[in-house]
Amino acid sequence: MAETPTTLRHSLKTRLLLAAHSFGTRAAIRSDHTLNRSVLNIFDPKAATSLKTINGVSSFDISIDPARNLIISTTEVFR
């Protein structure tokens with residue numbers, strides 16, 4: 001007897017987020033296939049660094065040039 005393949009189902013929240021991301025990406029592409037970065041930055045997810053270690057992951061920022069606000073966000077995994 002053949003096994004039926006299982007299908008993965010995403011939650012409604014995940015499907016809505018993927019649809020919004022797809023819409024934003026399509027809206028940011030011009031007719032000549034270049035990216036409109038100002039539109040794309042609206043949909044760019046950002047998260048603040050956390051001062052405490054969560055599940056063995058720690059993140060912090062390294063300032064390179066404070067005058068120009070150049071920083072590197074770094075993540076370390078401790079196991």
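The values are calculated or read from the model by the stated rules, or taken from the named source; none is laboratory data. Quantities reported herein were computed from a predicted structural model and do not represent experimental measurements. Cβ atoms come from the backbone with ideal geometry, glycine included; neighbour counts cover every protein chain shown.
In segment 42-79, how many are modelled with pLDDT of 75 or more and either in a helix (DSSP H, G or I) or hydroxyl-bearing (S, T, Y) (or both)?
So the count comes out to 7.
Within segment 7-23, track down each residue that is surrounded by 11 or more Cβ atoms within 10 Å (Cβ to Cβ) and of a type outside the set (G, A, S).
R15, L16, L17, L18, H21, F23
Which condition does F23 not pass, out of (1) modelled with pLDDT of 80 or more; (2) within 17 Å of the chain's Cα centre (by Cα); (3) in a strand (DSSP E or B), if it passes all the others?
(3)
Take the residues of segment 26-41 that are among the hydroxyl-bearing types (S, T, Y) and at pLDDT 85 or above: which is surrounded by the most Cβ atoms within 10 Å (Cβ to Cβ)?
T34
Give the residues of segment 1-20 that are part of a helix (DSSP H, G or I) and aliphatic (A, V, I, L, M), sorted by residue number.
Pass one, segment 1-20, residues part of a helix (DSSP H, G or I): 12-20.
L12, L16, L17, L18, A19, A20 - these are the residues of segment 1-20 that are part of a helix (DSSP H, G or I) and aliphatic (A, V, I, L, M).
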